Amino acid sequence: MFNKLTRFCFFCVLLVFNVQAKPVYEHAHLASPEHYSVLLENEQVLVLKMVLKPGESDRFHKHNAETVYFQQGGRAVIKTEKASLNIDIPDGHTMWHDQWVHQVSNVGDSEIIAIIVESKQTN
């Protein structure tokens with residue numbers, strides 16, 4: 001009996017730590033309000049403006065499916081929970097991405113400005 005109870009308690013402790021170890025990410029404008037401003041929000045979309053000065057980084061955050069227009073590009077590092085990507089983003093670049101979690105760092109010499117149109121519909 002004691003062995004079963006001990007194993008059960010150990011399992012419960014592992015389960016609690018496993019649940020607590022998974023981070024909960026906020027949307028970009030909530031995680032990093034100093035870098036994101038809300039331009040429009042309704043039932044269908046959230047439209048954000050991101051401004052990252054050279055040397056700045058936002059915090060890890062989530063987006064639903066999004067279309068991003070880089071009004072002013074630059075050199076950036078985009079980190080996900082599994083990878084890191086160094087990219088040169090040209091002015092006027094447009095991209096689409098499915099729901100994801102990431103963090104952006106401006107590692108260049110110029111300000112990066114992006115307009116993000118995020119779907120309110122989750123996958």
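Take the stretch 43-77 and flag every residue that is open to solvent by 50 Å² or more (accessible area, probe 1.4 Å) and in contact (Cβ under 8 Å) with a residue 60 or more places away in the chain.
Across the stretch 43-77, the qualifying residues are GLU43, GLN44, LYS49.
For GLY108, are the conditions met, namely being surrounded by 14 or more Cβ atoms within 10 Å (Cβ to Cβ) and at pLDDT 95 or above?
Yes, satisfied.
Which one of these is at pLDDT 95 or above and touching a Lys or Arg at 6+ places or on another chain (Cβ under 6 Å): VAL68, VAL101, VAL51, VAL117?
Answer to the check: VAL101.
Consider SER57 carefully, then state whether it is small (Gly, Ala, Ser), modelled with pLDDT of 95 or more and under 17 Å from HIS29 (Cα atoms). Please lay out each step first, then the result.
Working: small (Gly, Ala, Ser): yes; modelled with pLDDT of 95 or more: yes; under 17 Å from HIS29 (Cα atoms): yes.
Criteria met by SER57.
Name the residues in the stretch 28-75 that are of a type in the set (Phe, Trp, Tyr) and within 14 Å of SER105 (Cβ to Cβ), would you?
Once the filter is applied, which keeps residues that are of a type in the set (Phe, Trp, Tyr) and within 14 Å of SER105 (Cβ to Cβ), the stretch 28-75 yields only PHE60.
Give the residue that is farthest from GLY73 (Cα to Cα), with candidates limited to residues of the stretch 86-123 that are in contact with a Ser or Thr (Cβ under 8 Å, 6 or more places away or on another chain) and of a type in the set (Val, Ile, Thr).
VAL101
Considering only the stretch 24-39, state which residues are among the charged types (D, E, K, R) and open to solvent by less than 80 Å² (accessible area, probe 1.4 Å).
none
The values are calculated or read from the model by the stated rules, or taken from the named source; none is laboratory data. For clarity, every value in this text was computed on a predicted model and none was experimentally measured. Here the Cβ is made from the backbone with ideal geometry for all residues, glycine too, and neighbour counts use every protein chain on show. Note: areas computed on protein heavy atoms with side chains; ligands, DNA, RNA excluded. Shrake-Rupley method; radii C 1.70, N 1.55, O 1.52, S 1.80 Å.
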